[in-house]
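The values are calculated or read from the model by the stated rules, or taken from the named source; none is laboratory data. Computed from a predicted model, the values in this text were never measured in an experiment. Ideal geometry is used to build each Cβ from the backbone, glycine not excepted, and the neighbour counts take in all protein chains shown.
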Amino acid sequence: MEPLLNAIALVSLAVIALVLLSLRRAHIRVEYSMSWLGAAVALLVLSQWRSLLERVSAWLGLGDDPASVLVLLIVCVLFVVSYRFSIILSRLKDANIALAQKVAILEFQIRTIDEKQQTESSY
Amino acid sequence: MTHSGGPGSVLIIVPAYNEEGAVGGVIAEIQATVPGVPVLVIDDCSEDATIVTARAAGAEILPLPHHLGLGGAVQAGYKLAFELGYEYVIRLDGDGQHDPRDIPVVLDTLRSSGCEMVIGSRYIEEDSNHTSFLRSVGIRFFRLVLRPILGKPVLDPTSGFVGVNRAALQVFSKSFPLEYPEIEALVVLKRRAFRFIEVPCRVRPRAAGMSTITPVRSVYYIVHVLLGVLVNILRFESRRWRR
């Protein structure tokens, strides 16, 4: 099982590095990086702290296969992060539609004022 | 457009997406039926010459900065109409399926009935509809679903030929279903104890362009609308419980 745990640790380190790099380049906002960083650190700690992994596995009733804890954790994290992003996307879409409508209405009103001024100045 | 809303003022809105082949004729028919009533075409970021055609036909244009879908386009029209102070707004589609000669019936009923919404229905006079089998089955299904929710029967819940007064306009400016809006809009109105009435209207085949309805989309439409209706009811009920 050690190679699997080490692979998970490596992937966790890669995720942490990727998120930090993205943060530095402003490709991701701090609030949206927290869940990825939290999950990656949790996976890193559990994969390298064998006694803790076994304790969590026993507590969850997963028996002699502590790696199941990590798989379960990965699935839960992906689910929570995806759901959170669905909520964020929905809010952004609503805001985007409202903004597009506002822009269209403001442009319409500006055009109307322009046309009115042109008409008045032609007299 | 005479931007002078106020008591008795009427605005015709026509949401359009890639309707260059039909929208000009629709506007000409509207102007022939109700001369002097302003027509606003809400262009949902068409890729063809819809804007040019509609402007040439004498309509005002509200061009959206990007494609919002039918609900977003209609709501943009409602928002503008509300801001400009219009009292009545009649919406019909830009593909030529709705006959603008029915506008006076919708408008007169809106003025005289006191209802917040008037629906131009294809099914009051049976010989006037050109509905496909699939759509017809969907409409029958939604009639059954909506009957207990609305407390009265509705013959044509998916009609896009609709007139609303200022009270409904105010509600729709703030809350309007953004995808497949017609059925959910009825539930939104019901939540406010608003009333609607149906009047007969003629429906014709599309003047140009192609329908986007496919069997897969129809199933998606039914599930989407059912979920939207359910969510609207749950919101309404949770508010009632909190009171």
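What are the residues in region B:34-78 that are acidic (Asp, Glu), within 12 Å of another protein chain (Cβ to nearest Cβ) and assigned to a loop (DSSP other than H, G, I, E, B), if any? Within region B:34-78, just B:44 meets the criteria.
Looking at A:90, A:51, A:47, just one residue is on the phi < 0 side of the Ramachandran plot, surrounded by 13 or more Cβ atoms within 10 Å (Cβ to Cβ) and among the hydroxyl-bearing types (Ser, Thr, Tyr), and that residue is A:47.
For residue B:149, the stated conditions do not hold, so it cannot be described as modelled with pLDDT under 90, among the hydrophobic types (A, V, I, L, M, F, W, C) and assigned to a loop (DSSP other than H, G, I, E, B). Selection of region B:79-104 for residues being within 13 Å of chain A (Cβ to nearest Cβ) and crowded, with 24+ Cβ neighbours inside 10 Å yields B:80, B:81.
Taking residue A:120, is it more than 14 Å from chain B (Cβ to nearest Cβ), charged (D, E, K, R) and part of a helix (DSSP H, G or I)? Yes; evaluated as a whole, the condition is true for this residue.
Take the residues in region B:174-191 that are within 14 Å of chain A (Cβ to nearest Cβ) and not in a helix (DSSP H, G or I); name whichever of them is farthest from residue B:15 (Cα to Cα). Quick ask: steps written out before the conclusion?
Narrowing region B:174-191 to residues within 14 Å of chain A (Cβ to nearest Cβ): B:174-179, B:181.
Among the residues that remain, those that are also not in a helix (DSSP H, G or I) are: B:175-179.
Numbers: B:175: 18, B:176: 15, B:177: 15, B:178: 13, B:179: 13 Å.
So the residue we want is B:175.
Among the residues of region B:167-196, write down those that are farther than 19 Å from residue B:228 by Cβ and buried (at least 18 other Cβ atoms within 10 Å of the Cβ). Selection gives B:169 alone. Against the list (1) assigned to a helix (DSSP H, G or I); (2) surrounded by 13 or more Cβ atoms within 10 Å (Cβ to Cβ), the condition residue A:79 fails is (2).
For region B:5-22, check the following and say yes or no: at least one residue is farther than 21 Å from residue B:203 by Cβ, facing another protein chain (nearest Cβ under 10 Å) and modelled with pLDDT of 95 or more. Within region B:5-22, not a single residue is farther than 21 Å from residue B:203 by Cβ, facing another protein chain (nearest Cβ under 10 Å) and modelled with pLDDT of 95 or more. When residues in region B:21-67 are screened for being within 15 Å of the chain's Cα centre (by Cα) and more than 19 Å from residue B:100 (Cβ to Cβ), 1 of them pass. Given the residues A:99, A:60, A:52, A:78, which is the only one that is free of Cβ contacts under 8 Å to residues at least 40 places away in the same chain, of a type outside the set (Val, Ile, Thr) and facing chain B (nearest Cβ under 10 Å)? None of the others qualify; the one that does is A:99. State which residue pairs qualify: first residue without any contact (Cβ under 8 Å) to a residue 60 or more places away in the chain and inside region B:95-111, second residue surrounded by fewer than 24 Cβ atoms within 10 Å (Cβ to Cβ) in any location, beta carbons under 7 Å apart, and separation of 6 or more residues or different chains. Short answer, once both residue conditions are applied: B:110/B:88; B:110/B:165. Among residues of region A:5-34 that are of a type in the set (S, T, N, Q), those with a beta-carbon under 6 Å from a residue that is part of a helix (DSSP H, G or I) at least six positions away or on a different chain give the pairs A:12/A:40; A:12/A:43; A:12/A:44; A:33/A:19; A:33/A:23. Take the conditions (1) surrounded by fewer than 13 Cβ atoms within 10 Å (Cβ to Cβ); (2) over 19 Å from the mean Cα position of the chain (by Cα); residue A:57 misses just one of them, which is (1).
Tell me the residue from B:216, B:223, B:199, B:229 that is surrounded by fewer than 16 Cβ atoms within 10 Å (Cβ to Cβ) and at pLDDT 80 or above, please.
Unique residue meeting the criteria: B:223.
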